[in-house]
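J.: There's a structure below that I have some questions on.
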Amino acid sequence: MRVYMMCSNMGGAWVVHDVLKHAWSMGCRKVNIETDSADVANLFSGQQEDLRGNTIASMVRQMLNLDWEVKVCKISRVCNRVVDALAKASRSLPVGEIIYHDAPHFVHDLIREGF
């Protein structure tokens, strides 16, 4: 499972937790998360020492300790255009959860350009 994230603060850590929880319940045991948030990427690598004891940091670390492979990498904002397209498309969708098992047609050109 590959997850692209756009987040500007540690609120993104809650999104990561929810995505990981959902991925685990779906049976995914290999997850790649790409984010443009250095804070979120550092949380996964344990580089956020000031977050020790933080509720969401602890919850994410518990998820990471499960028997699976989770890779997190920081990508540039420019490289995160796919998630921008998904966010823009979501504005016209009803509220709720949507799971794409394949890339939606409106991001195919972006993927062909280099993703």
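The values are calculated or read from the model by the stated rules, or taken from the named source; none is laboratory data. Every value quoted in this text rests on a predicted model; they were computed, and no experiment measured them. Cβ coordinates were reconstructed from backbone atoms using ideal geometry, including for glycine residues, and neighbour counts include every protein chain displayed.
J.: In region 13-31, what residues are at pLDDT below 85 and either among the acidic types (Asp, Glu) or in contact with a strand residue (DSSP E or B) (Cβ under 6 Å, 6 or more places away or on another chain) (or both)?
T.: Correct list: empty.
J.: So the check is Cβ under 7 Å with 6+ separation or different chains; which pairs have a first residue in region 71-83 that's touching a residue at least 12 places away in the same chain (Cβ under 8 Å) and a second one that's in a strand (DSSP E or B) and not β-branched (Val, Ile, Thr)?
T.: Pairs that qualify, where the first residue is touching a residue at least 12 places away in the same chain (Cβ under 8 Å) and the partner is in a strand (DSSP E or B) and not β-branched (Val, Ile, Thr), are Lys71/Asn32; Cys73/Glu34; Ile75/Glu34; Asn80/Tyr4; Val82/Tyr4; Val83/Tyr4; Val83/Met5.
For (1) surrounded by 10 or more Cβ atoms within 10 Å (Cβ to Cβ); (2) modelled with pLDDT of 80 or more, each residue gets a yes or a no:
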| residue | (1), (2) |
| --- | --- |
| Leu51 | yes, no |
| Met63 | yes, yes |
| Trp68 | yes, yes |
| Arg81 | yes, yes |
| Pro94 | no, yes |
| Glu97 | no, no |
| Ala103 | yes, yes |
| Phe106 | yes, yes |
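J.: Let me ask something else. Of the numbered conditions (1) over 25 Å from Lys30 (Cβ atoms); (2) within 14 Å of the chain's Cα centre (by Cα), Cys73 fails exactly one; give the number of that condition.
T.: (1)
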